[in-house]
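The next block holds one structure in the form of structure tokens; read it before the comments.
Bear in mind that the values in this text are calculations on the coordinates, not laboratory data. A quick note: this is a predicted structure, and the numbers were derived from the prediction, not measured. All Cβ positions, even for glycine, are placed from backbone atoms using ideal geometry, and neighbour counts span all protein chains on display.
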Amino acid sequence: MKIAAVIPAYNEELTLPGVLEPVMQCDELSQVIVVSDGSTDRTAEIAREMGAELIVLPYNQGKGAAVMAGVAATSAEIILLLDADLVGLTPVHITALLSPVIKEEAMMAIGVFTEGRISTDLSQQVAPVLNGQRAVRRELLMSLPDLDHTKYGIEVVLTRYARTHHCKVVRVPLPKLTQVMKEEKLGFYRGFKARLRMYWQIIKVLVATKTL
């Protein structure tokens, strides 16, 4: 069974090495694909240096487009989706996330941060559907039209579709895993604006796709 990791990344030169290192150690993965979504830093260069397959989008098109560009570049039956700003990722996390889908116990596994930082753990408990750490059967991803237009709404659209169509979805605890928050990357003001923009994108996509 072919399994591919798809990692969308926008200006993540500081955290990408810490994500790619454990990913490249995983024997379960046949491919590791990084999609640089219009990055202007060393994201693409780092991905190439660390041995990942690289897709470079010429300008920032949003998370949905970056994810689907990676999916289009592989024929893998299972897609592992990981954010590029994770902190504390290990091969154990990856194996745990993949296991229910490999064993055909679920069509999609969603990771949930636990035992890490209060800020990220709390957000996961409140809205786990926003988590970008997932293992997904290819046919589920390909069942949805226009996922490449969903931007930050890709996770909630995917989760809602799976539940509406009675596809088994499980949550997988990911202890000690966290990620860098937007306010930490960009400063409080710019980060808060970016967070509001993300939520607005999610709301718009949910309204636009409510009939799926």
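Could you tell me whether any residue of the range 33-40 is in contact (Cβ under 8 Å) with a residue 40 or more places away in the chain and either of a type in the set (Phe, Trp, Tyr) or within 18 Å of Ile3 (Cα to Cα) (or both)?
yes
Residue under question is Val87, and the condition is that it be in contact (Cβ under 8 Å) with a residue 40 or more places away in the chain and over 21 Å from Val136 (Cβ atoms); does it hold?
yes
Just one of Thr74, Thr43 is touching a residue at least 60 places away in the same chain (Cβ under 8 Å), closer than 22 Å to Glu155 by Cβ and of a type in the set (Val, Ile, Thr); which is it?
From the options Thr74, Thr43, the qualifying one is Thr74.
I need a count of the residues in the range 84-111 that are among the charged types (D, E, K, R) and buried (at least 21 other Cβ atoms within 10 Å of the Cβ).
So the count comes out to 1.
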